[in-house]
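Input: a single structure, listed below in structure tokens.
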Amino acid sequence: MELLAPAGGMEQLETAILFGADAVYLAADKFGMRARAANFAMSEIPRAVALAHAAGVQVHVTCNVLMNPADTDELPAFFRAIEAAGVDALIISDLGAFALAREHAPNVALHVSTQASVANAAAARVWHSLGAKRIVCAREMSLADIARLRAETPPDLEIEAFVHGAMCMAVSGRCLISTYLTGRSGNKGHCTQPCRWSYTLEEEKRPGEHFPIEEDGRGTFIMNAKDMNMLAHLRALEVAGVTSIKIEGRNKKAFYVASVVGAYRRVLDGEPWESVASELEDVSHRPYGTGFYFEEAGQATNYDGYEQQTMHVADVADCVPSFGIAAHRLVTRCRNRYCEGDVVEILSPRKPVRQLVVRNLTWLPAPTEEDPKPRPVPVAVANRSCDYYLIDCDEPVEPGSFLRVRTFRRSARHEDPLARA
């Protein structure tokens, strides 16, 4: 199956490619469902496409917001620019936008977004007859539903399905709560995630049906969907007929992309999922579930935040020969504090995680007008965010790898009282 990775910006794009994505999906500076992501200016997309294509990776561009008349006025020029950039596919939900894409970007494949809620073969066949190459399944489909859709649709119609990341409590993400409460439309890419907020609930007309209420009176998170994690079920998805597995996360940073894409890549390449599963616990996530694939999706009613088993501390920018005791020195970019003597873990593409003891930690000051060639400074702590540091290393490490330390972190306004007990 194709491994389709999120690229919320250029750094995430480069990381997705390095860690084994077969394709990436991204948004321009308009018409995407993740307006808070860095995204790509139209002038950047040709470079992004060239970078991906050089590595044999395809680029899919989202154009799946709710389309107003003003939006459709802009679409012809947008689609022409997308085709000129060499984009491989457009992800579209609106029927009018689909027709305009066929007219103005005839050489770009058209994928029907999950926002279109395609949940049956009859709908899929209609989209295929209009020129769709791929259907992105509605989030609410079970594995059995997908298998039936595969059996009842033309074999050249590709099927894409989400396998990992945040879930929405609304049907295929078409929610009005954010618009109603804040004036920011989730259907235009500006969701404020009010389904994650704390609410109290009194249901007078459903006696005997109770929702849990937090003991301290803060409320319950009755709409807070669990994150999806299908790492253990990739073979079942393949048997059902899925062509492409999709990771959610265009608002996520490069470290998240590396961790999740790397884990799915290793399992697709033949490693047992059990040996890789901990990688998905190490990165920031909500409680995991399997979406609607096997049963109704679960809600995390007692917990509204994220947890992770590791903290990202540095990016590996380069690995250079050393003339000291160690064979190599890593050039690292500091992201969070770490110290001389710390045991860090190296997250590299397509490899098991390795450990490294921080030795000979050295700060590389940035050049200034007063000091254009500053001398390296031995230090005990790396704590200057985004500055560069050297670390001794006995084995070479691929640039683009990440360093992390093993420490549990939880960010939440709400805690499960049973967990406290």
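The numbers here are math on the coordinates, done by the rules we state, and not lab data. All values derive from a computational prediction rather than experimental measurement. Glycine gets a Cβ as well: all are built from the backbone with ideal geometry, and neighbour counts include every protein chain shown.
Computed values, structure above
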quantity	calculated
Whichever lysines have a C-alpha closer than 18 Å to that of Lys246, once near sequence neighbours (fewer than 8 apart) are set aside	Lys133, Lys226
Extension gain, Arg409 back to Phe294 (0.36 nm per residue minus Cα-Cα distance, nm)	38.4 nm
Extension gain from Met10 to Asp269, taking 0.36 nm per residue of separation minus the Cα-Cα distance	90.7 nm
Computed E for Glu83/Lys351 - FRET, C-beta separation, R0 35 angstrom, nearest 0.05	0.40
Neighbourhood net charge (10 Å Cβ-Cβ; Lys/Arg +1, Asp/Glu -1) for Lys246	-3
